[in-house]
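Q: Shown below is the structure under consideration.
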Amino acid sequence: MGRPMADKDRMEHAWFALCDVDQLGGQAIYHTELHGNELVVWRAEDGAVNVWENRCPHRGVRLSLGHHRGEALQCQYHGWQFNSGSGACRFVPAHPDAAAPPVAVKTWPVEVRYGFVWTCLAPFGEAPPFTPIEELETDAAFNAPSEGQHVRLRTVAIDAPSETVQHALAGYCFDHAHFDPWQSTECVAFDVAPNAVMIEQLDDAAHRVVFVVQPARVGRTYLHGVALGPVALTERLTVQWHHQQRLNALRDALEQQSEHLQPLSRDGVADRQPLSVPPTSPPVQPVILQRSLSKPVSASGSQGDKNSSAGHDAADRAFDVHLSRSRRTIKVAAGVTVLQSLRNHGIEVPSSCEQGVCGTCRTRVIEGTPLHRDDFLTAQERAAGDCMMVCVSRAATETLTLDL
Ligand code: FES
(Lines give C-alpha, C1' and ligand atoms only; values in the text may rest on other atoms or scores of the structure.)
Protein backbone atom coordinates (compact mmCIF):
# COMPACT_ATOMS: atom_id res chain seq x y z
CA MET A 1 0.00 0.00 0.00
CA GLY A 2 1.37 3.40 -0.95
CA ARG A 3 2.18 6.21 1.44
CA PRO A 4 -0.76 8.62 2.00
CA MET A 5 -0.69 11.52 -0.41
CA ALA A 6 -0.47 14.13 2.33
CA ASP A 7 2.77 12.63 3.61
CA LYS A 8 4.10 12.32 0.06
CA ASP A 9 3.37 15.98 -0.58
CA ARG A 10 5.04 16.94 2.65
CA MET A 11 8.17 15.00 1.74
CA GLU A 12 8.34 16.48 -1.72
CA HIS A 13 8.07 19.98 -0.38
CA ALA A 14 10.87 19.70 2.12
CA TRP A 15 14.59 19.96 1.64
CA PHE A 16 16.84 17.48 3.38
CA ALA A 17 20.55 17.56 4.14
CA LEU A 18 22.55 14.72 2.59
CA CYS A 19 26.15 15.27 3.61
CA ASP A 20 28.76 17.73 4.75
CA VAL A 21 29.96 19.56 1.64
CA ASP A 22 33.55 19.08 2.82
CA GLN A 23 33.12 15.35 2.17
CA LEU A 24 33.07 16.03 -1.58
CA GLY A 25 36.70 17.10 -1.82
CA GLY A 26 39.39 15.16 -3.67
CA GLN A 27 36.99 13.87 -6.36
CA ALA A 28 35.01 11.97 -3.77
CA ILE A 29 31.83 10.24 -4.93
CA TYR A 30 29.40 10.07 -2.05
CA HIS A 31 26.68 7.43 -1.81
CA THR A 32 23.65 8.05 0.39
CA GLU A 33 19.89 7.50 0.64
CA LEU A 34 16.83 9.71 1.03
CA HIS A 35 13.37 8.26 1.61
CA GLY A 36 14.45 5.00 0.02
CA ASN A 37 16.06 6.62 -3.02
CA GLU A 38 19.71 5.73 -3.54
CA LEU A 39 21.60 8.90 -4.41
CA VAL A 40 25.10 9.74 -5.54
CA VAL A 41 26.50 13.15 -4.61
CA TRP A 42 29.60 14.58 -6.27
CA ARG A 43 31.24 17.89 -7.09
CA ALA A 44 32.56 18.66 -10.56
CA GLU A 45 35.86 20.46 -11.10
CA ASP A 46 34.02 23.75 -11.72
CA GLY A 47 32.56 23.47 -8.21
CA ALA A 48 29.02 22.46 -9.25
CA VAL A 49 27.52 19.97 -6.82
CA ASN A 50 25.35 17.20 -8.29
CA VAL A 51 22.76 14.99 -6.62
CA TRP A 52 21.80 12.13 -8.91
CA GLU A 53 19.97 8.86 -8.81
CA ASN A 54 22.66 6.31 -8.07
CA ARG A 55 21.98 4.26 -11.17
CA CYS A 56 23.44 4.26 -14.65
CA PRO A 57 20.57 4.59 -17.16
CA HIS A 58 22.33 2.03 -19.38
CA ARG A 59 22.45 -1.12 -17.23
CA GLY A 60 21.49 0.15 -13.79
CA VAL A 61 24.90 -0.19 -12.13
CA ARG A 62 25.54 2.14 -9.19
CA LEU A 63 27.33 5.28 -10.35
CA SER A 64 28.92 5.60 -6.90
CA LEU A 65 31.12 2.67 -7.98
CA GLY A 66 32.32 4.61 -11.01
CA HIS A 67 34.99 7.20 -11.69
CA HIS A 68 35.17 10.98 -11.34
CA ARG A 69 36.17 12.46 -14.70
CA GLY A 70 36.37 16.14 -13.79
CA GLU A 71 33.14 17.39 -15.35
CA ALA A 72 31.48 13.98 -15.66
CA LEU A 73 30.89 10.70 -13.83
CA GLN A 74 31.82 7.49 -15.59
CA CYS A 75 30.00 4.23 -14.93
CA GLN A 76 32.36 1.42 -14.00
CA TYR A 77 30.52 -1.20 -16.05
CA HIS A 78 30.56 -0.04 -19.69
CA GLY A 79 32.28 3.31 -19.18
CA TRP A 80 29.38 5.56 -20.16
CA GLN A 81 30.05 9.15 -19.06
CA PHE A 82 27.44 11.62 -17.80
CA ASN A 83 27.80 15.40 -17.69
CA SER A 84 27.72 17.44 -14.51
CA GLY A 85 24.56 19.55 -14.32
CA SER A 86 22.26 17.93 -16.87
CA GLY A 87 23.28 14.33 -16.25
CA ALA A 88 23.21 13.81 -20.02
CA CYS A 89 25.32 11.06 -21.53
CA ARG A 90 28.33 12.54 -23.30
CA PHE A 91 30.45 9.55 -24.30
CA VAL A 92 30.14 5.79 -24.87
CA PRO A 93 33.55 4.06 -25.13
CA ALA A 94 32.20 1.26 -27.33
CA HIS A 95 31.18 3.85 -29.96
CA PRO A 96 33.77 6.61 -29.61
CA ASP A 97 32.96 8.22 -32.95
CA ALA A 98 29.20 8.13 -32.66
CA ALA A 99 27.02 10.76 -31.08
CA ALA A 100 26.15 9.96 -27.46
CA PRO A 101 22.68 8.43 -27.04
CA PRO A 102 19.95 10.79 -25.79
CA VAL A 103 19.80 9.42 -22.27
CA ALA A 104 20.47 11.10 -18.94
CA VAL A 105 20.85 10.23 -15.30
CA LYS A 106 17.93 11.31 -13.15
CA THR A 107 19.01 14.49 -11.36
CA TRP A 108 17.73 16.18 -8.21
CA PRO A 109 17.72 19.83 -7.17
CA VAL A 110 20.72 20.97 -5.13
CA GLU A 111 21.34 23.64 -2.52
CA VAL A 112 24.54 24.10 -0.58
CA ARG A 113 23.70 25.83 2.69
CA TYR A 114 25.15 25.92 6.16
CA GLY A 115 27.95 23.56 5.18
CA PHE A 116 25.60 20.81 3.94
CA VAL A 117 24.40 19.61 0.55
CA TRP A 118 20.57 19.62 0.47
CA THR A 119 18.10 18.18 -1.97
CA CYS A 120 14.36 17.95 -2.44
CA LEU A 121 12.49 14.97 -3.87
CA ALA A 122 10.45 17.14 -6.21
CA PRO A 123 11.72 17.10 -9.80
CA PHE A 124 13.52 20.05 -11.31
CA GLY A 125 11.14 22.89 -12.04
CA GLU A 126 8.69 21.70 -9.41
CA ALA A 127 10.86 21.98 -6.32
CA PRO A 128 9.79 24.68 -3.90
CA PRO A 129 12.39 27.32 -3.09
CA PHE A 130 14.69 26.42 -0.24
CA THR A 131 13.19 27.80 2.94
CA PRO A 132 15.97 29.50 4.86
CA ILE A 133 16.34 28.39 8.43
CA GLU A 134 16.21 31.55 10.43
CA GLU A 135 18.35 30.28 13.28
CA LEU A 136 21.14 29.38 10.89
CA GLU A 137 20.82 32.37 8.58
CA THR A 138 21.66 34.66 11.45
CA ASP A 139 24.50 32.53 12.68
CA ALA A 140 27.84 34.01 11.83
CA ALA A 141 29.46 30.60 12.07
CA PHE A 142 27.73 29.49 8.89
CA ASN A 143 27.56 32.77 7.05
CA ALA A 144 31.26 33.39 7.47
CA PRO A 145 32.74 29.97 8.18
CA SER A 146 35.99 30.14 10.02
CA GLU A 147 38.20 27.75 11.85
CA GLY A 148 37.14 29.07 15.22
CA GLN A 149 33.38 29.08 14.80
CA HIS A 150 32.17 25.57 14.23
CA VAL A 151 33.20 21.95 14.52
CA ARG A 152 31.79 19.23 12.33
CA LEU A 153 30.66 16.01 13.97
CA ARG A 154 30.66 12.65 12.32
CA THR A 155 27.31 11.60 10.89
CA VAL A 156 25.70 8.70 12.72
CA ALA A 157 23.10 6.23 11.48
CA ILE A 158 20.16 5.41 13.72
CA ASP A 159 18.03 2.30 13.40
CA ALA A 160 14.77 4.18 13.98
CA PRO A 161 12.23 5.96 11.74
CA SER A 162 13.00 9.60 10.99
CA GLU A 163 9.64 10.81 12.35
CA THR A 164 10.44 9.15 15.65
CA VAL A 165 13.92 10.63 15.73
CA GLN A 166 12.60 14.11 15.00
CA HIS A 167 9.95 13.80 17.67
CA ALA A 168 12.34 12.47 20.25
CA LEU A 169 14.83 15.24 19.61
CA ALA A 170 12.13 17.84 20.12
CA GLY A 171 11.69 16.54 23.63
CA TYR A 172 15.38 16.08 24.24
CA CYS A 173 16.52 17.45 27.56
CA PHE A 174 19.03 16.00 29.94
CA ASP A 175 21.56 16.89 32.53
CA HIS A 176 24.98 16.35 31.10
CA ALA A 177 27.01 18.07 33.78
CA HIS A 178 28.90 14.82 34.19
CA PHE A 179 30.80 15.33 31.01
CA ASP A 180 30.39 18.92 29.98
CA PRO A 181 33.72 20.74 29.89
CA TRP A 182 31.92 24.08 30.28
CA GLN A 183 30.02 22.90 33.36
CA SER A 184 26.68 23.57 31.73
CA THR A 185 23.92 21.83 33.59
CA GLU A 186 20.98 22.20 31.28
CA CYS A 187 20.22 21.92 27.61
CA VAL A 188 17.09 22.07 25.58
CA ALA A 189 16.20 21.24 22.01
CA PHE A 190 13.64 22.75 19.69
CA ASP A 191 12.72 22.02 16.13
CA VAL A 192 12.77 24.24 13.09
CA ALA A 193 10.59 22.06 10.92
CA PRO A 194 9.83 21.48 8.05
CA ASN A 195 13.52 21.36 7.22
CA ALA A 196 13.91 18.86 10.04
CA VAL A 197 16.75 20.65 11.77
CA MET A 198 16.98 20.54 15.50
CA ILE A 199 18.98 22.96 17.58
CA GLU A 200 20.17 22.30 21.06
CA GLN A 201 21.16 25.20 23.23
CA LEU A 202 23.18 25.03 26.39
CA ASP A 203 22.20 27.19 29.29
CA ASP A 204 25.40 29.16 29.05
CA ALA A 205 24.63 29.79 25.37
CA ALA A 206 28.34 29.50 24.60
CA HIS A 207 27.90 26.53 22.31
CA ARG A 208 24.99 25.08 20.40
CA VAL A 209 24.70 21.91 18.41
CA VAL A 210 22.66 21.79 15.25
CA PHE A 211 21.22 18.36 14.48
CA VAL A 212 20.11 17.71 10.94
CA VAL A 213 17.82 14.76 10.32
CA GLN A 214 18.10 12.83 7.05
CA PRO A 215 15.35 10.22 6.50
CA ALA A 216 17.31 7.49 4.70
CA ARG A 217 15.01 4.50 4.29
CA VAL A 218 12.40 2.63 6.29
CA GLY A 219 13.69 2.34 9.86
CA ARG A 220 16.99 4.10 9.10
CA THR A 221 17.82 7.75 9.80
CA TYR A 222 21.06 9.67 9.47
CA LEU A 223 21.79 12.39 11.99
CA HIS A 224 24.30 15.09 11.10
CA GLY A 225 25.70 17.45 13.68
CA VAL A 226 27.65 20.68 13.89
CA ALA A 227 28.78 22.35 17.10
CA LEU A 228 28.59 26.14 16.87
CA GLY A 229 30.35 28.73 18.94
CA PRO A 230 33.78 30.15 19.56
CA VAL A 231 36.33 27.34 19.62
CA ALA A 232 40.00 27.97 20.15
CA LEU A 233 42.22 25.88 17.91
CA THR A 234 43.71 24.17 20.94
CA GLU A 235 40.21 23.20 22.09
CA ARG A 236 38.89 21.77 18.85
CA LEU A 237 39.57 18.12 19.60
CA THR A 238 38.05 18.37 23.05
CA VAL A 239 34.99 20.17 21.75
CA GLN A 240 34.56 17.68 18.93
CA TRP A 241 34.99 14.71 21.22
CA HIS A 242 32.52 16.12 23.74
CA HIS A 243 29.76 16.75 21.23
CA GLN A 244 30.40 13.51 19.39
CA GLN A 245 29.84 11.73 22.67
CA ARG A 246 26.51 13.47 22.98
CA LEU A 247 25.55 12.53 19.44
CA ASN A 248 26.49 8.90 20.08
CA ALA A 249 24.52 8.88 23.35
CA LEU A 250 21.52 10.24 21.48
CA ARG A 251 21.83 7.53 18.87
CA ASP A 252 21.97 4.77 21.46
CA ALA A 253 19.02 6.19 23.41
CA LEU A 254 16.95 6.61 20.26
CA GLU A 255 17.59 3.07 19.13
CA GLN A 256 16.73 1.65 22.53
CA GLN A 257 13.59 3.73 23.01
CA SER A 258 12.26 4.19 19.48
CA GLU A 259 9.56 1.55 19.90
CA HIS A 260 8.03 3.52 22.77
CA LEU A 261 8.16 6.95 21.14
CA GLN A 262 5.35 8.25 19.01
CA PRO A 263 6.06 9.62 15.50
CA LEU A 264 5.98 13.38 15.13
CA SER A 265 2.56 14.66 14.11
CA ARG A 266 2.33 16.62 10.88
CA ASP A 267 2.14 19.97 12.63
CA GLY A 268 5.10 19.02 14.77
CA VAL A 269 3.38 19.75 18.06
CA ALA A 270 2.46 16.27 19.23
CA ASP A 271 2.69 15.64 22.95
CA ARG A 272 6.37 15.71 23.66
CA GLN A 273 7.94 12.72 25.31
CA PRO A 274 11.30 13.60 26.77
CA LEU A 275 14.02 11.30 25.59
CA SER A 276 15.88 9.71 28.43
CA VAL A 277 19.56 10.06 27.67
CA PRO A 278 21.75 8.80 30.48
CA PRO A 279 24.96 10.70 31.22
CA THR A 280 27.85 9.28 29.30
CA SER A 281 31.15 8.41 30.84
CA PRO A 282 33.27 11.24 32.28
CA PRO A 283 35.62 12.90 29.83
CA VAL A 284 38.95 11.38 29.17
CA GLN A 285 41.68 12.79 27.03
CA PRO A 286 40.56 13.44 23.46
CA VAL A 287 43.00 10.84 22.27
CA ILE A 288 39.97 8.79 21.15
CA LEU A 289 39.39 11.24 18.35
CA GLN A 290 40.20 8.70 15.73
CA ARG A 291 38.09 6.79 13.29
CA SER A 292 36.70 4.61 16.04
CA LEU A 293 35.42 7.67 17.91
CA SER A 294 31.80 7.20 16.95
CA LYS A 295 31.81 3.74 18.46
CA PRO A 296 33.68 4.25 21.72
CA VAL A 297 33.78 1.14 23.84
CA SER A 298 32.92 1.81 27.46
CA ALA A 299 34.01 -0.28 30.36
CA SER A 300 30.84 -2.31 29.92
CA GLY A 301 31.45 -2.61 26.23
CA SER A 302 28.01 -1.25 25.44
CA GLN A 303 28.52 2.32 24.31
CA GLY A 304 27.97 2.48 20.62
CA ASP A 305 29.64 -0.82 19.82
CA LYS A 306 27.19 -3.02 18.00
CA ASN A 307 29.55 -5.96 18.20
CA SER A 308 30.64 -5.27 21.70
CA SER A 309 31.35 -8.80 22.81
CA ALA A 310 34.49 -8.77 20.76
CA GLY A 311 35.75 -5.78 22.76
CA HIS A 312 38.33 -3.16 22.09
CA ASP A 313 41.28 -5.50 21.79
CA ALA A 314 39.65 -7.42 18.97
CA ALA A 315 39.01 -4.12 17.22
CA ASP A 316 42.70 -3.36 17.05
CA ARG A 317 44.49 -6.69 16.68
CA ALA A 318 45.99 -8.10 13.49
CA PHE A 319 44.26 -10.78 11.43
CA ASP A 320 44.39 -12.48 8.03
CA VAL A 321 42.08 -11.89 5.09
CA HIS A 322 41.70 -14.57 2.43
CA LEU A 323 40.57 -13.34 -0.97
CA SER A 324 38.44 -16.07 -2.50
CA ARG A 325 38.61 -14.97 -6.12
CA SER A 326 42.28 -14.13 -6.36
CA ARG A 327 43.24 -16.89 -3.90
CA ARG A 328 45.55 -14.62 -2.00
CA THR A 329 45.96 -14.03 1.71
CA ILE A 330 46.91 -10.65 3.12
CA LYS A 331 47.70 -9.60 6.64
CA VAL A 332 45.79 -6.73 8.21
CA ALA A 333 48.04 -5.18 10.83
CA ALA A 334 46.75 -3.69 14.07
CA GLY A 335 45.62 -0.12 13.51
CA VAL A 336 45.42 -0.51 9.72
CA THR A 337 42.08 -0.84 7.96
CA VAL A 338 41.18 -3.74 5.70
CA LEU A 339 40.66 -1.22 2.89
CA GLN A 340 44.16 0.20 3.32
CA SER A 341 45.69 -3.26 3.56
CA LEU A 342 43.98 -4.24 0.31
CA ARG A 343 45.29 -1.08 -1.35
CA ASN A 344 48.77 -1.82 -0.10
CA HIS A 345 48.55 -5.05 -2.10
CA GLY A 346 47.24 -3.35 -5.22
CA ILE A 347 43.63 -4.44 -4.68
CA GLU A 348 41.16 -1.62 -5.18
CA VAL A 349 37.75 -1.68 -3.55
CA PRO A 350 35.41 1.23 -4.38
CA SER A 351 35.19 3.62 -1.44
CA SER A 352 33.87 7.06 -0.69
CA CYS A 353 33.45 8.29 2.88
CA GLU A 354 35.93 5.79 4.38
CA GLN A 355 34.14 6.32 7.69
CA GLY A 356 31.61 3.50 7.51
CA VAL A 357 28.72 5.78 6.62
CA CYS A 358 28.01 5.64 2.89
CA GLY A 359 28.01 1.90 2.15
CA THR A 360 30.20 2.15 -0.96
CA CYS A 361 32.85 -0.31 0.22
CA ARG A 362 30.34 -3.01 1.21
CA THR A 363 32.04 -6.36 0.62
CA ARG A 364 30.63 -9.88 0.87
CA VAL A 365 32.00 -12.06 3.67
CA ILE A 366 32.21 -15.74 2.76
CA GLU A 367 33.72 -17.10 5.95
CA GLY A 368 34.61 -15.75 9.38
CA THR A 369 32.87 -13.23 11.61
CA PRO A 370 33.18 -9.51 10.90
CA LEU A 371 33.54 -7.03 13.75
CA HIS A 372 31.24 -4.29 12.51
CA ARG A 373 32.35 -0.72 13.11
CA ASP A 374 30.18 1.03 10.52
CA ASP A 375 27.05 3.15 10.67
CA PHE A 376 25.57 1.85 7.44
CA LEU A 377 24.31 -1.69 8.03
CA THR A 378 21.09 -2.35 9.90
CA ALA A 379 21.03 -4.51 13.02
CA GLN A 380 19.65 -7.40 10.95
CA GLU A 381 22.38 -7.05 8.34
CA ARG A 382 25.02 -7.03 11.06
CA ALA A 383 23.55 -10.13 12.64
CA ALA A 384 23.57 -11.94 9.29
CA GLY A 385 27.33 -11.36 9.13
CA ASP A 386 27.57 -11.91 5.38
CA CYS A 387 28.88 -8.48 4.45
CA MET A 388 31.03 -5.74 5.95
CA MET A 389 32.35 -2.23 5.33
CA VAL A 390 36.04 -2.80 4.78
CA CYS A 391 36.89 0.86 5.42
CA VAL A 392 36.20 0.53 9.16
CA SER A 393 35.11 -2.98 10.12
CA ARG A 394 37.52 -5.66 11.24
CA ALA A 395 37.51 -9.34 12.17
CA ALA A 396 36.20 -11.00 15.32
CA THR A 397 37.79 -14.26 14.16
CA GLU A 398 41.40 -15.06 13.31
CA THR A 399 40.66 -14.91 9.60
CA LEU A 400 38.04 -13.59 7.24
CA THR A 401 37.34 -14.79 3.71
CA LEU A 402 36.09 -12.03 1.43
CA ASP A 403 34.50 -12.24 -1.99
CA LEU A 404 37.36 -10.42 -3.72
S1 FES B 1 33.68 3.90 2.04
FE2 FES B 1 31.81 4.59 2.90
S3 FES B 1 31.25 2.90 4.16
FE4 FES B 1 33.23 2.38 3.48
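The values are calculated or read from the model by the stated rules, or taken from the named source; none is laboratory data. Worth saying up front: this structure is predicted, and the values here are computed from it rather than measured. Cβ atoms come from the backbone with ideal geometry, glycine included; neighbour counts cover every protein chain shown. Each accessible area value is taken on the protein alone, full model and side chains, heavy atoms only, with ligands, DNA and RNA left out. Shrake-Rupley method; radii C 1.70, N 1.55, O 1.52, S 1.80 Å.
Q: Which three extents, in whole angstrom, do the alpha-carbon atoms of the stretch 19-127 cover along their principal axes, largest first?
A: 43, 30, 22
Q: Still on this structure: What is the Cα centroid distance between the stretch 40-118 and the stretch 375-403, reported in whole angstrom?
A: Spelled out, the Cα-based centre of one part sits 30 Å from the other.
Q: Rounded to the nearest whole Å², what accessible area per residue is found for the stretch 5-120 with the 1.4 Å probe?
A: Heavy-atom accessible area per residue stands at 43 Å².
Q: Using the per-residue mean of other Cβ atoms lying within 10 Å as a proxy for protection, in what order, highest first, do the peptides 152-164, 344-356 fall? Don't jump to the answer; show the numbers that get you there.
A: Details: 152-164: 21.5, 344-356: 17.7.
Ranking the peptides 152-164, 344-356 by packing returns 152-164, 344-356.
Q: At a probe size of 1.4 Å, how large is the accessible area of residue 337, to the nearest 10 Å²?
A: It works out to around 30 Å².
Q: I need the peptides 95-104, 28-37 ranked by packing, meaning the mean over residues of other C-beta atoms within 10 angstrom, with the highest value on top. Provide the component values of the computation, followed by the final result.
A: Values: 95-104: 10.5, 28-37: 20.6.
Top of the packing list down: 28-37, 95-104.
Q: Mind jotting down the three principal axis lengths of the stretch 309-402 based on Cα atoms? Whole angstrom, largest first.
A: 31, 27, 23 Å, listed from the longest principal axis down.
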